[in-house]
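Below: the structure, in structure tokens.
The values are calculated or read from the model by the stated rules, or taken from the named source; none is laboratory data. Bear in mind the structure is a predicted one, so any value in this text is a computation, not a measurement. Using ideal geometry, Cβ is built from the backbone for each residue, glycine included, and neighbour counts are taken over all protein chains shown. To get the accessible areas, we keep the full protein, side chains included, count just its heavy atoms, and leave off ligands, DNA and RNA. Shrake-Rupley method; radii C 1.70, N 1.55, O 1.52, S 1.80 Å.
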Amino acid sequence: MKSFRLVWANLRRKKVRTTLAIGSFAVALFLFGLLAAVRMGFRGGADAAGANRLDVINRVSLILPLPYAYRDRILRVPGVSAVTYATWFGGVYQTEKNFFPQFAVDKDTWFEVYADYVVSPEGREAFMKDRQACMVGRSLAKRFGFKVGDRIPLRGTIWTGTWEFNLVGIYEGNRPEADTSGMFFRADYLEEKRVFGKGTVGWYVVKLADPDGAVPVTAAIDALFANSPNETRTQTEKAFAASFVKQMGNVELLIMTIGSVVFFTLLLVTGNTMAIAVRERSGEWAVLKTVGFSDGRVLRLVLAEAVLIAGQGGLIGLGLAWFAIPNVSRALPMLGALYLSPFTLGLGLLLALAVGVAAGLLPALGAMRLRVVDALRRI
């Protein structure tokens, strides 16, 4: 306790310098939190992908549809337990800035295949009864203030005209990384109103009876439609989601590079701050050694100062990032739900403390090796 009071008193002697050092850690850990959340947003689709699901798309391009008749043929493939489908809608809510994904899905099988989405029994029943029914995710409902019973109009872009939907339920994710930023509505409503593309779907989602059987089922589905006018490409849902991230370049490498540069700069700044503090107090360290402080205790005092600065700055920065993430998520809806996991928060704090120890180690060794006679001679 006495040592802590001594360390705390030393930090308070140069309030401006200490505040700036803590601020440097706060800014660095704030950036770390934001970059980690954005990285998880880019990887969210792949991380949340089900191990027991395959995606079947048109071999030429995802934008080309597949015949509805493929559904029953896929369902008869050995190892397939269920098949559902979806079609991208691409409507506009109020203005183009209010982007969020909308999918026309099979009302009977979508929530069976995607057990990741939790829907109330009342919402599921209403979805089955109302042809114009839709479901929105929790984060999307929070973003626009949607509530059950609302009428949601969308301006069609692929299929023109005004499309109106009745919000009958809000779905949740059973995992933090589950994407709840989208909207689902009934495919039969789309089929009824659209003037072209009838009898087709955007892609199929296959639920496997055994996740270990993904390879033979993938080969069997693609072989089933080989040399047809609409050949297929089947892949695991994780690979399908990862392909979208790859289209944007190596975002993960960019984020890791920025983070590394930030922490290296922080290490230099903090190390310089601690070196100045130790040099200014050379006489004091000599006096402490004279009255009985061991070299090891002096080393621990200097390290404690650096770690205390790092810990305070880290907690402040991560706290600011925690509160800022929801606003960033609303500003970048295309990334889905952004969040900071407890593991990420713990890792950030550990990194801050590690930088604090690394930055204070050389100055602490210098204070430990300081000879009393040499220090007093300087005075």
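Per residue, region 268-314 exposes 41 Å² of solvent-accessible protein surface, assessed with a 1.4 angstrom probe and all protein chains in place. Classified by the C-alpha gyration tensor, the chain has a prolate form. Its axis ratio a/c, with a ≥ b ≥ c, is 1.5 or above, and a/b is larger than b/c. Counting charges near Ala226 (Lys, Arg +1; Asp, Glu -1) among other residues having Cβ under 15 Å from its Cβ returns a value of +1.
For the chain, what relative contact order do you get, as a whole percent, if you take Cα pairs closer than 8 Å and at least 6 residues apart?
Numbers: 623 pairs, mean separation 108.6, N = 379.
Relative CO of the chain lands at 29 percent.
Pairs over the 19 Å Cα-Cα cut-off, from the set Lys207/Lys238; Lys107/Lys142; Lys198/Lys238; Lys97/Lys193: Lys107/Lys142; Lys198/Lys238; Lys97/Lys193. Each Lys or Arg adds one and each Asp or Glu takes one away; over the other residues whose Cβ falls under 10 Å from the Cβ of Trp159, this sums to +2. Let me know the shape class of region 115-225, please: from the alpha-carbon gyration tensor, a ≥ b ≥ c as square roots of the eigenvalues, rounded when a/c is under 1.5, otherwise prolate if a/b is greater than b/c, or oblate. In terms of gyration-tensor shape, oblate. Working note: Karplus 6.51/-1.76/1.60 with θ = phi - 60° gives region 256-273 the couplings 5, 5, 4, x, 5, 5, 4, 6, 5, 4, 4, 4, 5, 5, 5, x, 5, 4 Hz, where Gly and Pro are set to x.
Rounded to the nearest 10 degrees, the angle from helix 342-369 to the longest Cα principal axis of the chain is 20 degrees. Using a probe of 1.4 angstrom, how much of the accessible area of the chain is carbon and sulfur, in percent? The C+S portion of the solvent-accessible surface of the chain is 63 percent. Taking a probe of 1.4 Å, how large is the accessible area per residue of region 83-194, in Å²? It amounts to 44 Å² per residue over region 83-194.
With a 10 Å radius around each residue's Cβ, average the other Cβ atoms per peptide and rank 213-221, 260-268, 8-16, highest first. List each step's numbers first, then the result.
Values: 213-221: 16.7, 260-268: 14.6, 8-16: 12.2.
The peptides rank, most packed first, as 213-221, 260-268, 8-16.
Over region 1-144, all Cα pairs binned in 5 Å intervals from 0 give whole-percent P(r) values of 1, 6, 10, 13, 14, 13, 9, 6, 5, 5, 5, 4, 5, 3, 2, 0, listed from short to long.
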